[in-house]
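This report refers to the structure that appears directly beneath it.
The values are calculated or read from the model by the stated rules, or taken from the named source; none is laboratory data. Values in this document were obtained by computation on a predicted structure and should not be read as measured data. Cβ: placed from backbone, ideal geometry, glycine included. Neighbour counts: every protein chain shown.
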Amino acid sequence: MLTMNDVIREGNPILRTVAEEVQLPASEEDTQTLKEMIEFVINSQNPEMVEKYNLRPGIGLAAPQIGISKRMIAIHVTDANETLYSYALFNPKIISHSVERTYLPAGEGCLSVDREVPGYVPRYARITVKATTVDGEEVKLRLKGLPAIVFQHEIDHLNGVMFYDHINQDNPFAVPENAKPLER
């Protein structure tokens, strides 16, 4: 079982490395890792598990965050309509996105970042992602709202990008061009 001890923190060079594509069909080892990743994200949202294992609640995790430089992400998040988006994916890729952008008014956080980083993180309001599920099925997902933001955050990790790289350094709370806040 993965715990916060398995999560590497900012400063580790793996977080700044472009992760490798996973060879498909996925090996047993990669499949097991991805299953453990989604289990970790789900556990981190369960108050009993959080207390028992000292977990920090999260809604997404990318393999580089546990020291594995491979293109795998796990996401477990609900949107404004309480629809659950729970995915464990190999080689996710954004194949299209909206011109319109969005951002979370409270900013973003990250399990690999132990400090508050204030500022707006501009994201695409809508994206389409192509990926392969943990079960080997190819999927195409159309996402908007919080799920779209979380997918972009996790896919950034696969490209060695941290959320705060997107924050305007001169004016962290400058409203990004073409962007509307996502109210949660």
Margin query: Any residue at all in segment 57-66 that's without any contact (Cβ under 8 Å) to a residue 40 or more places away in the chain and over 20 Å from Leu146 (Cβ atoms)?
Written below: no
Next item on the list: Just give me the residues in segment 78-94 being surrounded by fewer than 20 Cβ atoms within 10 Å (Cβ to Cβ) and under 12 Å from Leu143 (Cβ atoms), in sequence order.
Entry: Asp79, Thr83, Tyr85, Ile94
Notebook entry, point to check: Got a number for residues in segment 148-184 being among the acidic types (Asp, Glu) and closer than 27 Å to Ile38 by Cβ?
Noted result: 3
Next item on the list: Identify all residues within segment 115-143 that are charged (D, E, K, R) and more than 14 Å from the chain's Cα centre (by Cα); write none if there are none.
Entry: Arg115, Glu116, Arg126, Lys130, Asp135, Glu137, Glu138, Lys140, Arg142
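Can you name every residue in segment 9-60 that is among the basic types (Lys, Arg) and touching a Ser or Thr at 6+ places or on another chain (Cβ under 8 Å)? Show your work before the answer.
Within segment 9-60, the subset among the basic types (Lys, Arg) is 9, 16, 35, 52, 56.
Within segment 9-60, Arg9, Arg56 qualify.
For segment 60-141, give me every one of the strands (runs of 3 or more DSSP E) that falls completely inside it and has 1 or more residues that are farther than 24 Å from Asn43 by Cβ, at pLDDT 95 or above and among the aromatic types (Phe, Trp, Tyr). Break it down stepwise before answering.
Values: elements: 60-62, 72-78, 84-97, 101-103, 126-133.
Qualifying strands (runs of 3 or more DSSP E): 101-103.
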Checklist line | Residue ID - nearest to Lys70 (Cα to Cα), chosen from residues in segment 122-174 that are among the small types (Gly, Ala, Ser) and surrounded by 16 or more Cβ atoms within 10 Å (Cβ to Cβ) | finding: Gly160
Check: Can you pull out the residues in segment 110-121 that are crowded, with 18+ Cβ neighbours inside 10 Å and closer than 18 Å to Ile66 by Cα?
Finding: Cys110, Leu111, Ser112
Next item on the list: Can you give me the number of residues within segment 153-184 that are in a loop (DSSP other than H, G, I, E, B) and out of contact with any strand residue (DSSP E or B) (no Cβ under 6 Å at 6 or more places or on another chain)?
Entry: 16
Check: Looking at Asp79, Asp30, which is the one that is closer than 24 Å to Lys180 by Cα and in contact with a Lys or Arg (Cβ under 9 Å, 6 or more places away or on another chain)?
Finding: Asp79
Check: Restricted to segment 12-38, and to residues that are crowded, with 17+ Cβ neighbours inside 10 Å and small (Gly, Ala, Ser), which residue is farthest from Ala63 (Cα to Cα)?
Finding: Ala26
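Looking at segment 1-43 only, could you name the residues that are closer than 21 Å to Thr133 by Cα and in a loop (DSSP other than H, G, I, E, B)?
Correct list: Met1, Leu2, Val18, Ala19, Glu21, Val22, Gln23, Leu24, Pro25, Ala26, Ser27.
Does Thr3 satisfy the condition of being over 29 Å from Lys180 (Cα atoms) and at pLDDT 95 or above? Can you show your working first?
Values: over 29 Å from Lys180 (Cα atoms): yes; at pLDDT 95 or above: yes.
It is true that Thr3 is over 29 Å from Lys180 (Cα atoms) and at pLDDT 95 or above.
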